[in-house]
Amino acid sequence: MTRYDGPIIDAHHHLWDLSLGRHPWLAVGAGERGALGDLAPLRRNYLPEHYQCDTARQNVVASVHVEAGWVDGDCLGETRWLETLDKADGVAARYVVRIPLASGEAPALIEAQADFSRVVGVRDVLSWSDDPARRFAVRGDLMDDRQWRAGLARLESHGLVFELLVFPNQLAQAARLARDFPNQLFVLNHCGSPIDRDGEGMRRWREGLARLGRAANVSIKISDLVAYDHHWTLDSLAEVVLHGLNCFGTARAMFASDFPVAGLHASFDEVYDAFKAIASQLSADEQRALFFGNAARLYRFDDLSSSARLAT
């Protein structure tokens with residue numbers, strides 16, 4: 001068994017500058033979110049230099065910034081802010097942006113976001129639970145909403161992937177969505193968020209993931225496995241990683257950090273060292289696909305041989 005030591009594209013992380021006052025979920029008094037636990041450690045600026053500090057011992061050559069809960073009504077503001085950041089080291093070289101697809105403004109927002117060359121995907125958070133404390137989405141019926149679907153239908157012509165952030169109880173609905181939009185590329189975030197860790201919860205997650213994995217137009221991010229597994233072990237992480245790979249295969253999967261959120265429960269080195277240990281049983285080509293190649297293809301990193309190319 002050989003552990004991977006090649007280049008890494010971190011396919012999912014966040015940056016923020018809290019002095020801008022644009023991240024209400026991180027405001028003091030905002031309360032907990034989902035099952036992440038105490039958010040106080042996240043209430044600090046997290047900028048490229050902080051990310052680089054966390055990743056210093058890993059060979060991260062580029063990364064994908066995923067929308068970070070910027071204030072409603074100003075989706076373009078986050079993209080414009082990202083454009084001001086230094087890209088020389090490949091940090092946040094590509095963006096997955098937020099667009100509320102059910103909004104009447106969605107068509108114009110899609111056009112405007114697609115004009116930024118670094119925008120490669122869209123996320124409109126769908127995670128919904130009967131428990132209000134777990135909800136991330138504004139509504140629970142978005143995937144079946146006609147106007148929301150009309151917004152989704154506009155992404156393909158711009159070559160934008162759609163990032164699925166759902167809970168296990170929504171995986172069957174996500175599979176129907178993928179079936180109804182066979183030419184749209186989807187990427188499932190955080191392994192389908194296995195939030196309920198008891199036997200029944202994990203069974204529901206395993207079955208839902210297997211169903212979604214049968215959709216050839218869906219890939220999976222194996223990311224932030226510690227968000228719902230606060231007392232994780234290598235074995236508990238391996239259970240989730242290996243089931244994700246069994247469902248999607250190594251050609252439709254990629255590793256990602258979800259930093260700094262994952263930093264609530266693990267260091268960046270712990271996250272990636274766990275990935276490397278679990279993946280060491282795979283071939284060298286499969287490992288390269290998971291750590292680098294699949295993200296390079298999906299997020300249009302056409303040439304990573306030059307840092308100057310990343311900054312264009």
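Taking the criterion of being of a type in the set (Asp, Glu) and either touching a strand residue (DSSP E or B) at 6+ places or on another chain (Cβ under 8 Å) or at pLDDT below 95 (or both), the residues of region 254-308 that qualify are 258, 302, 303.
If the condition is being of a type in the set (Asp, Glu), over 20 Å from residue 165 (Cα atoms) and surrounded by fewer than 17 Cβ atoms within 10 Å (Cβ to Cβ), then region 69-97 contributes 74, 83, 86. Here residue 154 meets the list (1) more than 20 Å from the chain's Cα centre (by Cα); (2) surrounded by fewer than 18 Cβ atoms within 10 Å (Cβ to Cβ); (3) in contact (Cβ under 8 Å) with a residue 12 or more places away in the chain almost entirely, failing just condition (2).
If you go through region 232-284 and keep only what is among the aromatic types (Phe, Trp, Tyr) and either under 16 Å from the mean Cα position of the chain (by Cα) or not in a loop (DSSP other than H, G, I, E, B) (or both), you end up with 248, 255, 259, 268, 272, 275.
I'd like to check something: does region 209-224 contain any residue that is over 18 Å from the mean Cα position of the chain (by Cα), surrounded by 23 or more Cβ atoms within 10 Å (Cβ to Cβ) and modelled with pLDDT of 95 or more? No, there is no match, as no residue in region 209-224 is over 18 Å from the mean Cα position of the chain (by Cα), surrounded by 23 or more Cβ atoms within 10 Å (Cβ to Cβ) and modelled with pLDDT of 95 or more. Listed by first and then second residue, the pairs linking a residue in region 3-28 that is surrounded by 22 or more Cβ atoms within 10 Å (Cβ to Cβ) to a residue that is of a type in the set (Ser, Thr, Tyr) and in a helix (DSSP H, G or I), with Cβ atoms under 8 Å apart and 6 or more places separating them unless they lie on different chains, are 8/272; 10/55; 13/51; 15/51.
Among the residues of region 41-62, not a single one is of a type in the set (Gly, Ala, Ser), out of contact with any strand residue (DSSP E or B) (no Cβ under 8 Å at 6 or more places or on another chain), touching a residue at least 12 places away in the same chain (Cβ under 8 Å) and surrounded by 12 or more Cβ atoms within 10 Å (Cβ to Cβ). Within the set 194, 182, the sole residue that is modelled with pLDDT of 95 or more, out of contact with any strand residue (DSSP E or B) (no Cβ under 6 Å at 6 or more places or on another chain), crowded, with 18+ Cβ neighbours inside 10 Å and not in a helix (DSSP H, G or I) turns out to be 194.
Name the residues in region 7-57 that are of a type outside the set (S, T, N, Q), part of a loop (DSSP other than H, G, I, E, B) and modelled with pLDDT of 95 or more, would you? Correct list: 7, 14, 15, 17, 21, 22, 23, 43, 44, 47, 56, 57. The conditions of being in a strand (DSSP E or B), of a type outside the set (Asp, Glu) and out of contact with any His (no Cβ under 8 Å at 6 or more places or on another chain) are met by residue 97. Are there any pairs with C-beta distances below 8 angstrom linking a residue in region 112-133 that is under 17 Å from residue 25 (Cβ atoms) to a residue that is modelled with pLDDT under 90 and among the acidic types (Asp, Glu), with the two at least 6 apart or on different chains, and if so which? Matching pairs, first to second residue: 133/32.
The values are calculated or read from the model by the stated rules, or taken from the named source; none is laboratory data. Computed from a prediction, not measured in an experiment: that's the story for all the values here. In this analysis, Cβ positions are derived from the backbone assuming ideal geometry, glycine residues included, and neighbour counts consider all displayed protein chains.
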